[in-house]
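Beneath this line is the structure, given in structure tokens, with notes to follow.
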Amino acid sequence: MPIGFAKSILAQDTTATGANAFVDYDGSNDQTLTRNAAVKGFLGFAPFNDEYGVSMVIIDGGLNQDQIRYDVLRNNSGTLSIANQDQSYVTTGSNNYSNFKANIHLTNGGNIYTHASAGGTNDASILSISGSTVTKHTAFNSPQETGLGGRMFRRPGTDQFVHILLTSAQIMTLTDNGNSSSASMGSDIFVESSDMFYNNGRAIHGFKDANTVLFWKSIDNASGNLASIQPFELDLTTTGSQSPPTPVSGVSAINLDLNSPGASNTIDFSNAGSSPFETTDFNNTLMFWERKGSDTPGRIRVHHYTPGDSSITSSNTLVFSSESDSDISPTGCFVGTNNDVFLFAMKQSPNSMVICKFVKSTNTLSEILKITETFNVEKCRMSRWGDGAALLTYNDVKMRLIQA
């Protein structure tokens, strides 16, 4: 497996070291654009720069052929628009495409790597931009597994990606060269599935350095009751099995006790499409969302660990203003000039979605606003758009430009 760079890449702390305008985010500067034609689902978004990016979607192509297409979006000084809609990506697919596990990521050269399989294909493509014109280059076979979606993280300054699967990780090396692009995949690094219960999309992964990813180890406090978590490190330089994982030395497990042990007490952040921390290099904080899952209004809190900490830190318990803490496809990303503020959205009912904010530097979790309308799909996507914005797509037609 190629390494080819220094092990220690976190030269600057990715927590708050200066002002982040999103600490005061309240939703008042957001803009919502309604797409003029509904899609069957949003797959994800990635930016080329602060002005242009692409949103990948599933549409009904007629004749029982669902298709994958992309829209070119523009953020013109805070005004969102669709610069070019319904561009072709995959034109042949299944008659009921339901695989939301795409990967859409900025490359080191400023292009966008896309991987969204349909109809049994396993194709990837490079998208490039010149001015406002986006070009889809020749598709190439990508050996990466579909995975969970949004669990690929580009090593800073390289076109090597860490692709995290349910119980393993892989290193993918991309050759970003337009029509001659290709990808190669290193051998898997495994951990035991019994110790990985809480990593099926339930964690926002952190990195100690470019070769060491942080996971949560699930602790079985009583027979059948997975009720505690503890951080452990996975060494990406050693292939094969690394199980059972060894927890970080000196860091004790923490109980998940908003509900009774073994209850439905987790929130699943899978199927994201893009990484939750694009463009600010690696995130060094491992995070986990716990929900109560039995009361209305619902309750949630965040547990987090950063390398060097002597213990896991827990935020305040947020009690929602109304409705439940439903585990229906939440989505989130870091926003701003450092990885201090994490925004996320989750649908609470057929008529409500809540946007929340976690600020690591103050260890506070808060409810920001509710979006009230009739939802007919549960999938929503939030993706970082440079240092000044994020994009939230939901409900077939809605695209919300999130701004500090």
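The values are calculated or read from the model by the stated rules, or taken from the named source; none is laboratory data. Computed from a predicted structure; not experimentally measured. So basically every Cβ, Gly included, is an ideal-geometry build from the backbone, and we count neighbours across all protein chains shown.
Below is a table of values for the structure above.
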item: Pick from the range 162-188, criterion farther than 23 Å from L127 by Cα and surrounded by fewer than 16 Cβ atoms within 10 Å (Cβ to Cβ), ranking: modelled with the lowest pLDDT; result: L166
item: Checking S310 against (1) within 17 Å of K217 (Cα to Cα); (2) among the hydroxyl-bearing types (S, T, Y); (3) in contact with a Gly (Cβ under 6 Å, 6 or more places away or on another chain), the condition it does not meet; result: (3)
item: Test: residue in the range 32-41 that is modelled with pLDDT under 90, surrounded by fewer than 19 Cβ atoms within 10 Å (Cβ to Cβ) and in contact with a strand residue (DSSP E or B) (Cβ under 7 Å, 6 or more places away or on another chain); result: yes
item: Unique residue being crowded, with 16+ Cβ neighbours inside 10 Å, β-branched (V, I, T) and at pLDDT 90 or above when the list is V191, V248; result: V248
item: Candidate set from the range 147-169 (those that are of a type in the set (S, T, N, Q) and assigned to a loop (DSSP other than H, G, I, E, B)); member that is farthest from M56 (Cα to Cα); result: T167
item: Residue ID - surrounded by the most Cβ atoms within 10 Å (Cβ to Cβ), chosen from residues in the range 339-355 that are assigned to a strand (DSSP E or B) and of a type in the set (S, T, N, Q); result: Q348
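For (1) more than 25 Å from T296 (Cβ to Cβ); (2) aliphatic (A, V, I, L, M); (3) not in a loop (DSSP other than H, G, I, E, B), each residue gets a yes or a no:
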residue: F358; (1), (2), (3): no, no, yes
residue: S366; (1), (2), (3): no, no, yes
residue: L369; (1), (2), (3): no, yes, yes
residue: N376; (1), (2), (3): no, no, no
